[in-house]
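The values are calculated or read from the model by the stated rules, or taken from the named source; none is laboratory data. Just so it is clear, the structure is predicted and the values come from calculations on it, not from any experiment. Glycine gets a Cβ as well: all are built from the backbone with ideal geometry, and neighbour counts include every protein chain shown. Heavy atoms of the whole protein, side chains included, go into the accessibility calculation; ligands, DNA and RNA do not. Shrake-Rupley method; radii C 1.70, N 1.55, O 1.52, S 1.80 Å.
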Amino acid sequence: MAAAQRRDRRTNEASLLQRGASVAVLVVALRIGLANLAPISDCDEVYNYWEPVHFLRFGTGMQTWEYAPQYALRTYAYLVPVAMISKAYDLLLSVLPTPLLSLLGRTLSQTVTTGIKPLQFNMVRATLAAMMALSELNLHNAISDKISPSVANWFLIASVSSAGMFHAAPAYLPSSHVMSCWMCSAAAQIRGNDTEAIVLGLVAVLGFGWPFSAVLFVTTGVWAVMKAAG
């Protein structure tokens, strides 16, 4: 009897893992597939982020006054990781055969007839969207494990079907990456890891050049202090 129960439990756990993996693949694939269908609707994204990244990669690009040396209000530290991703894709695309390039271009809603740079751009946007999907899945798993699988599933349905998330997932904006960090921070705190939650909050506030986001993590710190004190 006990052996049969253990076997049934292992079967159920394997089934849950399989369903979880299927959901994860579906969410990541959906975010990647939709990434380059979302228009860039914010001029700040173009001139404060994509243009400076283009300058770092190719030596040309428009400069806003915030990046001008006499003001230096924005740091290039936020841009360097994306420039490095773009360079990595450049190296990858340089060794791929033309048929594979064409297939990749069609998959990302971009032909290769205008050159490799548009394909690199689409691949970077797809990467940003995939990173957002991983953050969503991280928070979903934390909610499922510690609160309720039903609540977690409703969260994921609301997130994946949200028009706002459709636009935010591939956006190269500090607000999008702060949101991604917040989801990972919330997931860490739900699991009881307050230190990780606070570190992620510091990364979001200090690393992305968007200090206004500090208000999002006030409750993170308050909850950690209350737990430590109580």
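Helix 98-107 versus the longest principal axis of the chain: what is the Cα-based angle in degrees, 0 to 90, to the nearest 10? Computed tilt is about 60 degrees. Which of (1) 42, 22, 13; (2) 25, 22, 16; (3) 35, 27, 14 is the computed semi-axes √(5λ) of the Cα gyration tensor in Å for the structure on display? The calculated read-out lines up with (3).
Within the accessible area of the chain, what % is carbon and sulfur when the probe is 1.4 Å and the other protein chains stay in place? Spell out each step's value before the answer.
On the way: 8870 of 13070 Å².
Looking at the chain in its full context, I get 68 percent from C and S.
A Förster distance of 41 Å, applied to the separation of the beta-carbon atoms of ALA229 and VAL23, puts the FRET efficiency at 0.60. Each residue, THR219 and LEU37, gets one label point 7 Å from its Cα in the Cβ direction; the gap between the two is 3.2 nm. All Cα-Cα separations within the stretch 11-108 were binned at 10 Å from zero, giving a P(r) of 12, 27, 30, 18, 9, 2, 0, each value a whole percent of the pairs. The string of couplings for the stretch 73-90 from the Karplus curve (6.51, -1.76, 1.60, θ = phi - 60°) is 7, 10, 9, 7, 4, 6, 8, 4, x, 5, 4, 5, 4, 4, 5, 4, 5, 4 Hz, one whole number per residue in order, with x for Gly and Pro.
Note the full-extension length gain between ILE147 and VAL199 as 0.36 nm times their separation in residues minus their Cα-Cα distance, in nm to one decimal. Intermediate values should be presented prior to the final figure.
On the way: separation 52, 0.36 × 52 = 18.72 nm, distance 2.28 nm.
Full-extension gain reported as 16.4 nm.
Think of it as helices only: each DSSP H run of n ≥ 4 in the chain is worth -39500 (n - 2.57), and spread over all residues that comes to -22000 deg cm²/dmol at 222 nm.
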